[in-house]
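In what follows, a structure is listed as structure tokens, so that the remarks can point back to it.
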Amino acid sequence: MGVATVLGIETSCDETGVGIVADGRLLGAALASSMDEHARFGGVVPEIAARAHLESLVPCLDAAFADAGIAPRDLDAVAVTSGPGLATALHTGVAAAKALAAAWNLPLYGVHHLAGHVAADTLEHGPLPGRCVALIVSGGHTSTLLLGDLARDPIVHLGDTRDDAAGEAFDKVARILGLPYPGGPAIDRAARGGDPDAIAFPRGLLGAGPDFSFSGLKTAVARLVERERRPLADVAASFQEAVVDVLTRKAVDACRAHGVRTLVIVGGVAANARLREVAAARCAAAGLALRVPPPALCTDNGAMIAAVGDLLTTAGAEPAPLTLPITPTAP
Ligand code: KG4
Ligand code: ZN
């Protein structure tokens, strides 16, 4: 293992994230969000997000260096999210990272946003075991992946959503229930004290292979709300239970099917309290080790991008040229 100190920049959506990681350890970080500016639109407006990154990035860089107690001369590499994400938003971070890499004469790494989500867990729990299944649940993705060595081995896709991502389902259902954006944390809170068995919402594609589907569930919530008045806490808890039930069952099934002993759950929805609780119980029952980063490392941040940069640097990976493109629709 080499010794590397890496700056990570994340601007794929509405969070401006900067993190500094050295040898698998988080040294310092800063985060700014344009979330409040998108709330009245019920979702992220790319142009607003990009303008906010432009304003927040330098203050976040300053804050992250202050938090880490190091200077730019202490860095060994710059890593930045190159995709997937919103094009205009990605653009701001990638342009900034290129400028910094050129000015400081440092290697540049373009990082896949989802690799960042997975690597976030290594900052809390150390290197991943050789093989594991990752359940990635965010606003844009719901996938199960079979992972080996993050810096070297190919990632094998096991299951994907056929329609809405899990976080998207939380956001859309929150809107139906009159709760604010982002919907995940709002439903997480509203569900506390609610009865998760009050309403038997559909479990999309349960028992039908590794893929996910959440659009039928969203429609079922909309129909129920039109038809009858039920306590908000019960609707929120029952919806959340349907999502959590399917996610955890399919993730545990994927581990069993591939003879893997460790499940890693990452992405914004991994911050969900009920998901963490049910996953812990089901993994324990199945004899699986469960790894979930702390909530602040589940949602988008710069540290997770620095963590991948650190893995790439120590693995001796080839840096990106300063012509590095953005890949908004990277698979
Ligand atoms: O990973 P992330 O920060 O950004 C993307 O890459 O998409 O995930 C954001 C998603 C949003 O849909 C948000 O509603 C959801 O994660 N989320 C949650 C919670 N916190 C964030 N969903 C359920 N429960 C939460 N506590
Ligand atoms: Zn994300």
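The values are calculated or read from the model by the stated rules, or taken from the named source; none is laboratory data. If you're wondering where the values come from, they're calculated on a predicted model, not measured in any experiment. As a convention, Cβ positions derive from the backbone with ideal geometry for all residues, glycine included, and neighbour counts pool all protein chains shown.
Got at least one residue in segment 292-310 being touching a residue at least 60 places away in the same chain (Cβ under 8 Å) and more than 25 Å from ALA63 (Cβ to Cβ)?
Looking for residues that are touching a residue at least 60 places away in the same chain (Cβ under 8 Å) and more than 25 Å from ALA63 (Cβ to Cβ), one finds at least one in segment 292-310, hence yes.
Going by the conditions given, is ASP164 more than 27 Å from CYS60 (Cβ to Cβ), in contact (Cβ under 8 Å) with a residue 12 or more places away in the chain and within 16 Å of ligand 2 (Cβ to nearest atom)?
yes
Only one of LEU27, LEU54 is surrounded by 20 or more Cβ atoms within 10 Å (Cβ to Cβ) and either closer than 17 Å to ALA120 by Cα or modelled with pLDDT of 95 or more (or both); which?
LEU27
Filter segment 108-141 down to the residues that are over 22 Å from VAL80 (Cα atoms) and at pLDDT 95 or above, then identify the one that is nearest to ligand 1 (Cβ to nearest atom).
LEU135
Of the residues that make up segment 241-258, is at least one without any contact (Cβ under 8 Å) to a residue 60 or more places away in the chain, more than 22 Å from LEU158 (Cα to Cα), buried (at least 22 other Cβ atoms within 10 Å of the Cβ) and of a type outside the set (Lys, Arg)?
Scanning segment 241-258, I find at least one residue that is without any contact (Cβ under 8 Å) to a residue 60 or more places away in the chain, more than 22 Å from LEU158 (Cα to Cα), buried (at least 22 other Cβ atoms within 10 Å of the Cβ) and of a type outside the set (Lys, Arg), so the answer is yes.
What are the residues in segment 279-331 that are more than 21 Å from SER33 (Cα to Cα), surrounded by fewer than 18 Cβ atoms within 10 Å (Cβ to Cβ) and within 16 Å of ligand 1 (Cβ to nearest atom), if any?
The answer is ALA280, THR329, ALA330, PRO331.
Could you check, for segment 167-190, whether at least one of its residues is over 15 Å from LEU247 (Cβ atoms), at pLDDT 95 or above and touching a strand residue (DSSP E or B) at 6+ places or on another chain (Cβ under 7 Å)?
No, every residue in segment 167-190 fails to be over 15 Å from LEU247 (Cβ atoms), at pLDDT 95 or above and touching a strand residue (DSSP E or B) at 6+ places or on another chain (Cβ under 7 Å).
May I ask you to say which residue of ASP234, ASP197 is acidic (Asp, Glu), touching a residue at least 12 places away in the same chain (Cβ under 8 Å) and part of a loop (DSSP other than H, G, I, E, B)?
ASP197
Among the residues of segment 214-221, is any outside any helix (DSSP H, G or I), farther than 23 Å from GLY83 by Cα and away from ligand 1 (no atom under 15 Å from the Cβ)?
no
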